[in-house]
Amino acid sequence: LWLYVLMGAAGLAGPSEAAGLPRVAIVLSSELLAYQEAVTGFLSEVDCEAEHFNLEGDLSNADRVLSSALSREPDVVFAVGAKAAIACREVPDDVPVVFCMVQEPERYDLPTKNMTGVTNTVDEIQQLRLLLEVKRSISKVAVPYSPEYSAAALQRAQEAARALNLSIIPVPIGSEATAASAVRDRMSEAEAIWFIPDPIVATPAVFDLLLAYSLDKRIPLMTFARSLVRSGALFASYSAPETMGAQAAELVKRVMTHNDAGGITIPPSRQLYSVNLRTARALGIAIPPAVVAQADSVFR
Amino acid sequence: MSTARPCPRRRRAQRASVLLWAALALLLPNMGVATEKEAFDLVKEECLVEAAARRLQPLAEAPSSATVITGADIQRHGWTTLAEVLRNIRGFYVTYDRNYWYVGVRGFGRPADWNDRILLLIDGHVMNGNIYGDAYMGSELPIDMEAIDRIEIVRGPGSALYGSNALFAVINVVTKTPTAKRGVAVGADKASFGTSEGWFSFTGGGPADTRIAVSATGLRSAGQDLYFREYDAPDLGNGWARGADGETGRSAMFSLIRRDLSVRGFWSSRDKHVPTGAWETTFGHDGTKSTDERGYIELAYRYPGTRLGSYEVKLYHDWYRYGGIWFYEDDPPLESRDIGRSNWSGVELRDIARLGTHSILTLGATLEHDWEVHQEVWDVDPYYLYVRSRLTGLTDWSVYFQEELALVRQWRLTLGLRRDDYETFGAVNNPRVALVGPARDGTQLKLMYGRAFRPPSYYDLYYDDVDATLSNPNLLPETVDTYEAAVEQRLPLHSVAQWSVYRYMVHRLIDQVPVGESAVQSQNVGTVRTTGVEIGIETSPGGGIEASADLALQSARDDETEDRLTNAPEILAYGRFFVPVVGDRLGLSWDTRWVGARYTNSRQKTSGYAVTDIGLVGNILDGHMRLALRARNVFNAAYSHPGGNELLEDLIPQDRRAWSLEFRVGNGL
């Protein structure tokens, strides 16, 4: 909120200059910082007259928020986060919607014919290539996942692994409480762990469990967020929310220029990664200097 | 909710704001760098969406007392029919007369009423037949429960939106949406009483963004040898009906979806032997049986909408077939046949419009044409015709509106009215008013009034065999006025408590009344009053554990005589839970229900009973294979249900302990 106030103050340019600018209704799923960063990236790339709406993390606010947003007669709706994107399925056909920060759009029957967006995904092959650059001898990678949410993600991981002559060890986890037994029973042959952004598995307790296992067995732990590398994972591959927001802005321009609402999704254009050299030392892994040099963040 | 504020209007200014932000991020180490908690919260966002997306209108805001049972609930508890689901839901209870399953709601369940006061929908399509108004709830609707995404159970009147038969509840069975990803699953079940069942399902995508789902099921049961003391005589097998309780069933359904267009179809058929000597037939004759068939095909187009709203058009054709073979005592036994056959088509238009920021208006209209309504009863040899009633070309129509107004402080007012016009008895209007909103943090309050109706069925109006059942063309529709207050309170440990108080006034109740020495006739008999209180709590404390407990106290009485109605228990209690035993690979389910005493037709009082079902459900091969071992009535309780007017028996014995082993495999589970 503080950021918004500052940004708003910095962006004041006089009401008369608003004439002719596209009206954008920005609908946020919640106040998460990553969503706000996506908005920052978005607004840095498109001239618009924007108004901000927030579901406050509760999809039951959708009717009310959308009614309010649509009453301003926006030219485009920019939905940030999965809840916002789902809520915007109800936006009438003649109002284009651009979304971003949604991991698995197809899970929610997105995009519809007036929607297009940027997914919050990281190319699986790129992640595994990075893993091989970090440690070439790896051949078996364990993927803890919940069948309920991440069956498709596991399938993509397996396809990517096959392309690189790696094999995936699926570690299905039904709940946080059962994670320890799943790790104990199924990960004995793993030479690396791939901690994916699964709603059931990605919890502090499971992360701590996998981190301890990684350090105990001296095998790499690959994750999806920079903050987890800072907490001790060996490395993470991810996309910056600002970048995804900026890409969404490009889609808005295309929609406005070509009247092409799309019905497509595009992946983030730029992948970043972080490494933790202290963890690397603990695992006895020498990360090549070229990998360190290109990292977005290096924790020493 | 809306943060209306000026936007950066020039890119330079925008970049300046970004740079300012970046500078601040560097100065303040906790800003601009997502924390570990942020990373997990971001992932969790999608989890919450998955649960919420199943019902875009939150239950708490629905202008009714509603319960949603998900496909996962059905799998965990092993419910195989709608009746098995409903008997575990607050305020519901079932009665089985060894031929049909009847569902009572909130203390009201007239014996052998064929569920004509409950509206049953599959994917929004009305399933009640148009001769008897009946809705199949048990094995007479052998649907593949694996194909169900969720069951929406809405208590109270629904005629303001749905029209006829929605007096006590609307039950909408929502099947799984076809997916582009190909999935196939097969399964089989072997159970006590010589019962076996098999299923097949397929879903996948085709060219031009087409998606299809198909499922089929088959059922066979030998049934039980049953003892009825009313027939305990040497020439009647000493009261034992042997080999006369079997049934076979089958069903198929499909969904074909391409963008905004969908085609759906359903067909089911069931043959059931009748062991009870119903309608004074020869007791225990293994040739006496009924056949029930139901089907429809529906074409729907949903235009997602303009700024003003969206609309939907549905065209459908339905059919219903009933056949009865009844053997009567004679030498040789006299065979009598009974058929009901109908075909009807209809169209429905519905428009949902947003008027400003505070109003959602739903407008709709239906037109339905009965091509044929045929009822016939005859003796085979010597041929003798008792009933032949054939009606053609009857048309009914309706118009309705519902207005949802957003008031202050998140309160919503719902106003609705529907007018249905029938060729048989004229028009009826059904209004609805509901006020829903937060009373304080975490507490939702609902105040509701509604009226609903049940038209006299073609059977009530025109079936006349002169001897046993007399027609009554002067019948008027039965109506119910309902007043209800409900509260939903969120509690710690992911728990929700709900309670409600209600009062139903049923006017011009249609009931079968003895006429003369041996005949019955449907008549508007008077007014019935049902009052009650319901309390329930559900919790999901984590670790995959889910539990609920419910209590319903209710009274259903004749408004003039104050007599308790038959088949109307005054206490219902339920408890169920599911606990993971070995991670997500093995789980234990437990359902217990207590049904209080009920009066039978002869004013006997049945004993209350408690029945418990348990199950062990195992998921292996990464969820691609499921094994389930279940015990229904695990403590082997002996209990009976009240019988209907067509039976000599006052009490119908129910199943004792029964085992089943279910196996399913496939990537479409």
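The values are calculated or read from the model by the stated rules, or taken from the named source; none is laboratory data. Not measured: the values here are computed from a predicted model. All Cβ positions, even for glycine, are placed from backbone atoms using ideal geometry, and neighbour counts span all protein chains on display. We work out accessible area using only protein heavy atoms, side chains counted, and drop any ligands, DNA or RNA first. Shrake-Rupley method; radii C 1.70, N 1.55, O 1.52, S 1.80 Å.
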Using the alpha-carbon atoms, what tilt in degrees (0 to 90, nearest 10) does helix B:11-27 show relative to the longest principal axis of chain B? 90 degrees
Over its alpha-carbon atoms, the range B:471-621 yields an Rg and a Dmax in Å of 21.2, 66
Summing -39500 (n - 2.57) over every DSSP H run of at least 4 in chain B, dividing by its residue total and rounding to the nearest 500, the 222 nm mean residue ellipticity is -2500 deg cm²/dmol
How much of the accessible area of the protein assembly as shown, probe 1.4 Å, is carbon plus sulfur, in whole percent? 56 percent
Heavy atoms of the protein only, probe of 1.4 Å, neighbouring chains included. What is the accessible area of B:W279 in Å², nearest 10? 90 Å²
Accessible-area loss of at least 40 Å² (1.4 Å probe, chain alone to full protein assembly) applies in the range A:53-93 to A:L59, A:S60, A:D63, A:R64, A:S67, A:K83, A:E90, A:P92, A:D93
Using the beta-carbon distance between B:K190 and B:A353 and R0 = 56 Å, what value does 1/(1 + (r/R0)^6) give for FRET efficiency, to the nearest 0.05? 0.60
I want to verify a result. In a Gaussian network model of chain A, Cα cutoff 10 Å, which of these has the top mean-square fluctuation: A:A179, A:A248, A:A152? A:A152
Along each of its three principal axes, how wide is the spread of alpha-carbon positions in chain A, in whole angstrom units, largest first? 63, 37, 33
One computes Rg over Rh for the range B:224-285 from alpha-carbon atoms, with the Kirkwood Rh, and obtains 1.39
Given the rule -39500 (n - 2.57) for each run of at least 4 DSSP H residues, summed and divided by the residues of chain A, what is its mean residue ellipticity at 222 nm, to the nearest 500 deg cm²/dmol? -12000 deg cm²/dmol
In terms of solvent-accessible area of protein heavy atoms at a 1.4 angstrom probe, what is the ranking of A:K113, B:K37, B:K446, B:K289, highest value first? B:K37, A:K113, B:K289, B:K446
Taking the alpha-carbon centre of each part, the distance from the range A:48-100 to the range B:258-304 in Å is 44 Å
Counting only backbone N atoms under 20 Å from a point 7 Å out along Cα-to-Cβ of A:S71, the residues of the range B:414-442 in range are B:414-415, B:436-438
Considering only protein heavy atoms, with the full assembly of protein chains and a 1.4 angstrom probe, order A:D216, B:D550 by accessible area, largest first. A:D216, B:D550
Quick one: of A:K253/B:K37; B:K272/B:K314; A:K83/B:K44; A:K140/A:K217; A:K217/B:K44; A:K113/A:K253, which pairs are farther than 22 Å apart, Cα to Cα? A:K253/B:K37; B:K272/B:K314; A:K217/B:K44
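Across the residues of A:41-48, average count of Cβ atoms on other protein chains within 10 Å?
5
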In terms of the charge dipole of the protein assembly as shown, which places +1 on Lys and Arg and -1 on Asp and Glu at the beta carbon, the residue among B:Y458, A:I196, B:S221 farthest towards the positive end is A:I196
Mean shadow area of the protein assembly as shown, taken as a quarter of the surface of its Cα convex hull (nm²): 40.6 nm²
For the range B:522-539, in residue order, the Karplus 3J(HN,Hα) values (coefficients 6.51, -1.76, 1.60; θ = phi - 60°; whole Hz; Gly and Pro = x) are 6, 9, 7, 9, x, 10, 10, 10, 10, 10, x, 10, 10, 9, x, 9, 10, 9
Using the heavy atoms of the protein chains and a 1.4 angstrom probe, tell me the accessible area per residue for the range B:442-569 in square angstrom. 43 Å²
Simple spin-label estimate for A:R300 and A:D185 in nanometres, 7 Å along Cα-Cβ: 4.5 nm
How tilted is helix A:62-71 with respect to the longest principal axis of chain A? Cα atoms for both, answer in degrees (0 to 90, nearest 10). 40 degrees
Quick one: dipole size for the range B:174-321, taken about the Cα centre, charges +1 on Lys/Arg Cβ and -1 on Asp/Glu Cβ, in debye to the nearest 20. 1200 debye
Over the whole of A:228-236, what's the average partner chain Cβ count within 10 Å per residue? Rounded to a whole number, please. 1
Counting only protein chains, not ligands or nucleic acids, how are B:H507, B:H125 ordered by accessible area (probe 1.4 Å), most first? B:H507, B:H125
On alpha-carbon atoms, Rg over Rh for chain B using Kirkwood Rh? 1.00
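Expressed as a fraction of 2.2 N^0.38 Å, the rule-of-thumb size for a compact globular protein of N residues, what is the C-alpha radius of gyration of the range A:153-300?
Relative to the rule-of-thumb radius for its length, the range A:153-300 sits at 1.22.
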Rounded to the nearest 10 degrees, what's the angle between the helix B:36-53 long axis and the longest principal axis of chain B, both from Cα atoms, 0 to 90? 30 degrees
Can you tell me the equivalent ellipsoid semi-axes for the range B:582-628? Use √(5λ) from the Cα gyration tensor, largest first, whole Å. 40, 10, 5
At least 20 Å² of accessible area lost relative to the chain alone, listed for the range B:381-426 with a 1.4 Å probe: B:Q410, B:R412
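Before we go on, tell me the buried accessible area for the A/B pair, both chains summed, 1.4 Å probe, in Å² to the nearest 100. Intermediate results must be reported in sequence, preceding the final value.
On the way: alone 14350 and 31170 Å², together 38530 Å².
Separately minus together, A and B give about 7000 Å² buried.
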